[in-house]
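Notes follow the structure.
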Amino acid sequence: MSVLDLSNYSIVLGSSSARRLSILQEVLKITKVTVVKPDFEENLPKSMSPKQYVQQTSHHKLLSILDANTFESPTIVICCDTIVDCNGQILEKPQTKVVQRQMLNSYRLHNAINVISSVHVAIVHGKDIHVAGDEVCTTLNFDSSTPQEVIEAYIESEEGLEVAGGFKFQEAGNVLFSSLKGDYFNVVGLPAKRTFDLVRQLLGHV
């Protein structure tokens, strides 16, 4: 049972990420969730600051879902975007091992990296829509003593392909890092506590 009473709402997760769905269902106990993939091409200019980039991407994801869907009953829509900030460079999801290797080797040079997520939540009652959003930053320290053969073995496992920053901290990617400061679930894909707070905040406005 969720610690929030959401029995009067349909819940929409604006993401195809299995990790985000799992956090909603297993951590926040929001079990009845409809998944809708945002129709937004994530191609904003990386000349923005990392925080601004992730904030704008998350917001546009939410807007794309609100624009493309009609909600017949009161609905809560949750969207999130996550990036890695390495020395001011915005890193998203590597599609190839070559790009992933470049990311992981850059962590050796700049071992304190920031995982930044932006969460946007909307409560929809017909034409009445309330929106709230916020960003969460977690710092990971890459273990610069990690042998290159370990990094290569991780790359060959293909676990870190198509995930933000090129690693899954909650799985074997954990061995590449020495410490974490901040929200663990943020690194996995959805900052649970901040998401909870935003939903609770909006419930107080309806």
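Values quoted throughout were computed directly from the atomic coordinates according to the rules given, and no laboratory measurement underlies them. Being a predicted model, the structure only gives us computed values, none of them experimental. All Cβ positions, even for glycine, are placed from backbone atoms using ideal geometry, and neighbour counts span all protein chains on display.
Quick look at the values:
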item: R0 of 41 Å, Cβ-Cβ distance ASN174-ASP39: FRET efficiency to nearest 0.05; result: 0.75
item: Length released on extending from LYS46 to VAL99, taking residue separation times 0.36 nm less the Cα-Cα span; result: 17.4 nm
item: R0 of 45 Å, Cβ-Cβ distance GLN25-HIS110: FRET efficiency to nearest 0.05; result: 0.80
item: Selected from SER15, SER117, SER49 as most flexible by GNM, with the chain as the system and alpha-carbon contacts under 10 Å; result: SER49
item: Taking the range 1-87 and dividing mean pair separation by its residue count, relative contact order in percent (alpha carbons under 8 Å, at least six apart); result: 38
item: Cα gyration tensor, the range 151-195 - rounded (a/c under 1.5), prolate or oblate; result: oblate
item: Local electrostatic count, LEU4, Cβ distance below 10 Å [Lys/Arg +1, Asp/Glu -1]; result: +1
item: Proximal charge balance of PRO94 [Cβ under 9 Å; K/R count +1, D/E count -1]; result: +1
item: Prolate/oblate/rounded call for the chain, Cα gyration tensor, a/c under 1.5 rounded; result: prolate
item: Separation between Cα centres of the range 89-120 and the range 1-55, rounded to whole Å; result: 21
item: Estimated FRET transfer efficiency when R0 is 45 angstrom, pair VAL150-LYS127 (beta carbons, to 0.05); result: 0.25
item: Residue order, fewest to most surrounding Cβ atoms within 10 angstrom, among ARG20, ARG108; result: ARG108, ARG20
item: Under 13 Å, Cβ to Cβ, from PHE40 - net charge with Lys/Arg +1 and Asp/Glu -1; result: -3
item: Karplus-derived 3J(HN,Hα), 6.51/-1.76/1.60, for each residue of the range 186-195, Hz, glycine and proline x; result: 4, 5, 5, x, 8, x, 4, 5, 5, 4
item: Exposure proxy ranking, count of Cβ atoms within 10 Å, fewest first, for THR139, THR195, THR146; result: THR139, THR146, THR195
item: Built amide H within the under 5 Å cut-off of ALA112, gap 5+; result: PHE142
item: 0 to 90° range, to nearest 10: angle between helix 97-109 axis and the chain longest Cα axis; result: 80
